[in-house]
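Rule-based calculations on the coordinates, nothing more; no lab input. What you are looking at is a predicted structure, and each value in this text was computed from that prediction instead of being measured. Note that each Cβ is placed from the backbone with ideal geometry, even for glycine, and that neighbours are counted across all protein chains shown.
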Amino acid sequence: MSKTRKNNKKGALVMAKTNHYLTSVSNRTEFLKKVEKNVINRYHSVFPKQIIIETTGFSNMKCIHCGHKTMKRKKGNMDINLYKKIIDEIALKAPETEVWLTLYGEALLLRYKLYYMIKYAREKGLKYLILNTNGMLLDDEMINLILESGLDRFIFSLDGFTRETYNSIRVHGDKDTVYGNVLNLIAEKNEKGLEKPYIEVQYSVMDENEDELKDFIDYWSKHDVFIKIREKFTWCSTVEANNLDKNQERIACP
Ligand SMILES: C[S@@+](CC[C@H](N)C(=O)[O-])C[C@H]1O[C@@H](n2cnc3c(N)ncnc32)[C@H](O)[C@@H]1O
Ligand code: SF4
């Protein structure tokens, strides 16, 4: 018998076993999911490693460095069925993809809907859910919703250490309120003995706040958070940043 025919015989045996297995509808569904996943992993490994979903286009601030205030496209809240469709596809094709739940906008405005969105993604098996926020709306109820939702990383855009500087950069925000909200979150997370979400405090360096960077680092080093410093850069040419190579192509990214 030729080598090919031997292989065919072996192949037929495998098929026969598989067909028997596939007589049950649930087995068949599972089998097809596995096949699709294997094929996708093998041939379509170009699925994005990171996806940013603009859950809302609305914001409650007018930060001096952010293009949101001059945004021309229509603002809205994402339709929940569209959101679920995106999450379902990620869950099927690449649950390990990092999913960010904000672009231009403030997701805490969505409140219960945001909780539902994060929980839905977590329950669908997504492995890495990230949210960045200005933190103004993080009251006690929202803290508990977030801690329960299954979020992995929670990033606060702080951008100032003194009240005067913070409030002048993050217009309509209040430094004391936001810093207080972050401290409440840390306390509640510790109280509940949770490992996640990892809490990050982010400082985008600008001419207006660079003198306060050291104080910011000293202060937050004493707390249970990660500190993320973003160098000066211009996002969609909203701000001037002389340290950048103007010839290099850049894209906006939170
Ligand atoms: C657009 S906001 C959306 C999430 C949320 N509203 C917030 O403030 O974190 C995401 C991040 O982008 C930063 N950002 C906005 N405009 C920027 C710019 N022109 N250059 C650099 N970072 C910018 C904000 O400071 C914030 O940390
Ligand atoms: S940085 Fe965030 S909070 Fe500030 S205007 Fe932009 S979207 Fe709103």
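Details
- As a calculated quantity, the FRET efficiency between Lys127 and Phe58 at R0 = 41 Å, using C-beta atoms, amounts to about 0.90.
- Spatial offset of segment 111-165 relative to segment 75-107 amounts to 14 Å, using the alpha carbon center of each.
- Computed extension length for Asp218-Lys84: 44.1 nm, one decimal, from 0.36 nm per residue of separation with the Cα-Cα distance subtracted.
- Inter-label distance for Thr70 and Asp207, nm, one decimal - labels placed 7 Å from Cα along Cα-to-Cβ: 1.5 nm
- Per-residue extension of 0.36 nm, minus the Cα-Cα distance of Asp176 and Lys232, leaves a gain of 17.7 nm for this segment.
- Nonlocal amide H pairs with Ile52, under 5 Å, H built at 1.01 Å: Trp100
- Backbone HN-Hα couplings from phi across segment 161-173 [Karplus 6.51/-1.76/1.60, Hz, Gly and Pro as x]: 10, 7, 4, 4, 5, 3, 5, 7, 8, 9, 5, 6, x
- Annotation: amide H-H contacts under 5 Å for Lys228 (H modelled 1.01 Å from N, sequence separation of 5 or more, or interchain): Val201, Gln202, Tyr203.
- Label point of Thr162 set 7 angstrom out along Cα-Cβ; within segment 187-230, amide nitrogens under 15 Å from it belong to 207-216.
- Computed about its Cα centre, the charge dipole of segment 49-230 is approximately 960 debye, with only Lys, Arg, Asp and Glu carrying charge at their Cβ.
- HN-Hα J in Hz across segment 190-206 - Karplus 6.51, -1.76, 1.60, θ = phi - 60°, x for Gly and Pro: 5, 4, 7, x, 8, 8, 10, x, 5, 9, 10, 10, 10, 10, 8, 6, 9
- In terms of other Cβ atoms within 10 Å, His65, His172 run from fewest to most in the order His172, His65.
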